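What follows is one structure encoded as structure tokens, with my remarks underneath.
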Amino acid sequence: METPKDLLNKFLRSKNQTITYIDYDQKKDYTLTSQTLAKTIIHCANFLHKTLGLKKGDTVSYLFENCPEIIILNLACFFTGLRTCPLDSKRDTEDVATQKLKETKTKVLFFRKGGKIEELAKKTNQGLPNIKTFSIQNFEDFEIQIGKNENQEIINFFDPNSISLILYTSGTTGFPKGALLSFSSLYHGAKQVSHWFQITSDEKFYLVLPLHHINSTIFALSTLFSGGSLIIPSRYSKSRFFTDAAKYSTTASSIVSTINLDLLEEEENYNKVKDGLKFKRIQIGSAPVSPKHASEFVKKYGIRLIQGYGSTETSLRATGIPVDAPDKLYNYLLSKNSIGEELSQNKVFIVNQNNSVIKTANTEGEICIKGKNIMQGYLDRPDDSAKALKNGYFHSGDSGFFEEIDGKRFYFLKGRIKEIIIKGGINISPLFIEEKLRMHATWAKDVYVIGFPHYRFGEEIGAVFVPKDEKYNSDFTKTLQELKENKIPNLSPYETPKSAVIAFDGEIPKTSTGKIQRVNIKKDFEKKLLDSYRTIGQNQNYIFKIIWPDEQNLIEKSTQIHNSVFPKSLSVTPETLEHRATNGFVIGAFDKTNNLTGVLTGFFSSEQPLFEKNNWAEITGNGKFTTANSKGKIAILVSAASSNSQGKLENISMTSNKPQIDEKTIQEYINTQKDFIVKFHFAPKAGFKDGAKTTRIILNGNPQDLESLGTIIIFEYPLLTPSTNPTFTSNKIGIGLVEAAIKYAKDQKKEKVFALSRLGEAYKYIK
């Protein structure tokens, strides 16, 4: 194993190795040479040991978005016997961050100056006055604060087997557990990843995942130790992924399934820069991978997605698909969702309930790993450590099996034995969330937190409340609102359940001895939680639900309903509806027999494209809603249709004697309210006193819409104020769809609702 001195000398000798940082907030970038990296590591190590007086085994914590300072702090500590403990700038609440600092006996906390990160750091540190804190403005400020002591004797403190990194990972015991990783385990984890992923000195690795996670930590070390360069954006950006990858000539990256899903909708940005892209391959893992979405990505972009499997406790990867697998083998492994073969520094076993190694292919058991990359245990958790490392190997808690293919053993993930929820690649402890809910929802006898299926995150978080008595309605309603508004104390928005249902004590599955059967709770309630999550509300005749892009039957039915109402020139394909469901939202109206009878589509955005773009295609991204911005404050309703409408008008021809129209003519026609679409939007809905008003007319905005004479009308509904409580006021399907959309917009904390609409009968009256 290379020593810190070896690695520092490699950095100093390298001619082309760099770290490029892209600061999205300051809208600039800068590049560090490997010589600067090596020198700054020594400066930082001397600052920690000599200036601050830290001793071997002391802990340094930090709270940053991605930046080079994290890598420097890590290596300065790893090389000199100190430990680092990263805090999660997005998901750690005040009490979680405080607990981590206490448990690790942190001596020093570095954090980025300004904004929510500084606010969290200061709140966290209020009860921990003995921790020294350093507010860092940027890299230049960091250099100034650590000074320039270049004494290299500091690396004599190095011990490869002492703990270097404490990374918290959720389990089933409540509060996240701190996995103890030595430099040796990190080095061998990085070594086998660089060997597997074929990382060389020519690499330019694009680190889009957070550096407080094991994924980017190991890929950063693998690349640097191999002589390669890093491109580090301050955070992941969907819209800039391909653009920045091309700009900085990146050759590889690592993503999770949710990013894969994001990027499937970035074809427009990809096409703009595809000639400049240098990607050789992209790693995907850290959560269950959808073979459908992975295959779509590979087919669309021609870039191999290479799946790997492992965890924080295994220093990232234990198995992986061969990067250079022949096409036939690669396509088979991709379609079957294989997690690959074991990597060079560890051995993988499948064991049965008696902890005996299974030697027969296609026989399910627990995946276990043994090797130099395995953690030493969990911080201050001897029982958990002994259980996880029983018999000399790490018990993953995951169920799987292997197949023999061409004389090699390839592994497949079957499911999780552990009860953790994996949301977007992040491990979430249900027991930790339960405890916070129990403390808050005192009206409930108990609460159980489980994951339910989510097309984007893999799993979303749900809660099953058991009330103390039958007078729970008002309390449950209040708790539901607090969950929607992320107002449960000490739960981050990411951890807050997004769906909740009521169950009575007798409905909770238990053993004969009264032990709660958590696996059966999930089995019994995940469908109810999913249904509750997707249900917006109902009137007397219809239930209104969100339709997801992976519900192919409903997408196809939605397409049929849409096309039965709109003229042929305005028809859509199932693919278009799937894009709309992915980028925006598709709301279905279901009758009492659960048949889909109506559909409305729309997306969230800012007001800018609605009032600056001049045609339907630009505003809607050619009908695929690629212009959507989930953080925008408005909802734009684009189309609505129902199966009980009177049908569409065919064979309208405007090729000759097309009327000359202007905004005044259109406005006068609107004022007559002869048009049934105008009349529909002008009518009050959702409990508002007033209906929508005309806010913009776009002439020739949609030339294909002959009924509307090519005209787009933008209607604006009344403002959604904090006190607004949209309700269902009509049992009609069309009004109900719009009322459902308004309610959905309010639930998603949007402020305005617009309808990007048309004129249904302008061709009749305007000659």
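The values are calculated or read from the model by the stated rules, or taken from the named source; none is laboratory data. Everything numeric in this text was worked out from a predicted model, so none of it was measured. Cβ: placed from backbone, ideal geometry, glycine included. Neighbour counts: every protein chain shown.
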Picked from segment 692-711 (must be within 18 Å of Ile634 (Cα to Cα), in contact (Cβ under 8 Å) with a residue 24 or more places away in the chain and of a type outside the set (S, T, N, Q)), the residue surrounded by the fewest Cβ atoms within 10 Å (Cβ to Cβ) is Arg696
In segment 154-166, is there at least one residue being among the hydrophobic types (A, V, I, L, M, F, W, C), surrounded by 15 or more Cβ atoms within 10 Å (Cβ to Cβ) and within 26 Å of the chain's Cα centre (by Cα)? yes
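Residues are listed down the side, and each one gets a yes or a no for (1) within 30 Å of His395 (Cα to Cα); (2) within 18 Å of the chain's Cα centre (by Cα); (3) not basic (Lys, Arg):
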position: Ile232; (1), (2), (3): no, no, yes
position: Arg235; (1), (2), (3): no, yes, no
position: Ser249; (1), (2), (3): no, no, yes
position: Ile255; (1), (2), (3): yes, yes, yes
position: Glu265; (1), (2), (3): no, yes, yes
position: Asn269; (1), (2), (3): no, no, yes
position: Phe279; (1), (2), (3): no, no, yes
position: Ile303; (1), (2), (3): no, no, yes
position: Thr314; (1), (2), (3): yes, no, yes
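Test of understanding: among Leu82, Leu87, Leu54, which residue is outside the structural domain of Asn215 (by TED's automatic domain parsing), within 28 Å of the chain's Cα centre (by Cα) and among the aliphatic types (A, V, I, L, M)? Can you show your working first?
On the way: Leu82 fails: within 28 Å of the chain's Cα centre (by Cα); Leu54 fails: within 28 Å of the chain's Cα centre (by Cα).
Checking each option against the conditions leaves just Leu87.
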Next item on the list: Could you tell me whether any residue of segment 550-565 is part of a loop (DSSP other than H, G, I, E, B) and touching a helix residue (DSSP H, G or I) at 6+ places or on another chain (Cβ under 6 Å)?
Entry: no
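Output the number of residues of segment 455-508 satisfying the condition of being among the aliphatic types (A, V, I, L, M), more than 15 Å from Phe525 (Cβ to Cβ) and touching a helix residue (DSSP H, G or I) at 6+ places or on another chain (Cβ under 6 Å).
Going through segment 455-508 one residue at a time, the tally reaches 2.
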Expected single match for part of a helix (DSSP H, G or I) and not β-branched (Val, Ile, Thr) among Glu482, Glu495 is Glu482
Filtering segment 168-218 down to residues that are on the phi > 0 side of the Ramachandran plot and in the same structural domain as Asn373 (by TED's automatic domain parsing) yields Gln198
Of (1) assigned to a helix (DSSP H, G or I); (2) at pLDDT below 90, Lys418 satisfies every one except (1)
Here the qualifying pairs (Cβ atoms under 8 Å; residues six or more apart or on different chains; first in segment 520-532 and under 14 Å from Lys498 (Cβ atoms); second polar (S, T, N, Q)) come out as Leu529/Ser499; Leu530/Ser499; Ser532/Ser499
Sole miss for Glu65 among (1) more than 20 Å from Ile232 (Cβ to Cβ); (2) touching a Ser or Thr at 6+ places or on another chain (Cβ under 6 Å) is condition (1)
Apart from one, (1) in contact with a strand residue (DSSP E or B) (Cβ under 7 Å, 6 or more places away or on another chain); (2) outside the structural domain of Ile508 (by TED's automatic domain parsing); (3) surrounded by fewer than 20 Cβ atoms within 10 Å (Cβ to Cβ) all hold for Gly371; the odd one out is (3)
The condition from (1) over 22 Å from the mean Cα position of the chain (by Cα); (2) buried (at least 23 other Cβ atoms within 10 Å of the Cβ); (3) modelled with pLDDT under 95 that Ala179 misses is numbered (3)
Restricting attention to segment 438-453, the residues that are out of contact with any Pro (no Cβ under 7 Å at 6 or more places or on another chain) and surrounded by fewer than 20 Cβ atoms within 10 Å (Cβ to Cβ) number exactly 5
The one condition Ile516 fails out of (1) within 25 Å of the chain's Cα centre (by Cα); (2) of a type in the set (A, V, I, L, M, F, W, C); (3) over 26 Å from Leu211 (Cα atoms) is (1)
The condition of being out of contact with any Asp or Glu (no Cβ under 9 Å at 6 or more places or on another chain), among the polar types (S, T, N, Q) and assigned to a helix (DSSP H, G or I) holds, among Asn215, Asn161, only for Asn215
Of the residues in segment 549-562, those that are more than 20 Å from Leu759 (Cβ to Cβ) and not hydrophobic (A, V, I, L, M, F, W, C) come to Pro549, Asp550, Glu551, Gln552, Asn553, Glu556, Lys557, Ser558, Thr559, Gln560
*Assess whether Phe410 counts as being farther than 20 Å from Gly340 by Cβ, modelled with pLDDT of 90 or more and either assigned to a strand (DSSP E or B) or in the same structural domain as Lys100 (by TED's automatic domain parsing) (or both).*
no
Does Lys100 count as in contact (Cβ under 8 Å) with a residue 40 or more places away in the chain and either surrounded by fewer than 18 Cβ atoms within 10 Å (Cβ to Cβ) or among the charged types (D, E, K, R) (or both)? yes
Those residues of segment 220-270 which are touching a Leu at 6+ places or on another chain (Cβ under 9 Å), of a type outside the set (Ser, Thr, Tyr) and in a loop (DSSP other than H, G, I, E, B) amount to Lys238, Val256
- [ ] State whether one or more residues within segment 552-571 are assigned by TED's automatic domain parsing to the domain that holds Val638, under 26 Å from the mean Cα position of the chain (by Cα) and among the hydroxyl-bearing types (Ser, Thr, Tyr).
- [x] no
Filter segment 10-50 for residues that are polar (S, T, N, Q) and more than 15 Å from Ser226 (Cβ to Cβ); the one that is modelled with the lowest pLDDT is Gln26
**Request:** Answer yes or no: is there a residue in segment 485-493 that is under 13 Å from Ile461 (Cα atoms), at pLDDT 95 or above and among the polar types (S, T, N, Q).
**Result:** no
Take Asp25 and tell me if it is farther than 17 Å from Leu75 by Cα and assigned to a strand (DSSP E or B). no
Among the residues of segment 422-462, the number that are closer than 30 Å to Glu578 by Cβ, at pLDDT 90 or above and of a type in the set (A, V, I, L, M, F, W, C) is 4
For segment 469-495, pairs from a residue that is not assigned by TED's automatic domain parsing to the domain that holds Lys100 to a residue that is of a type in the set (Phe, Trp, Tyr), with Cβ under 7 Å and 6 or more apart or across chains, are Tyr472/Trp443; Asp475/Trp443; Phe476/Phe465
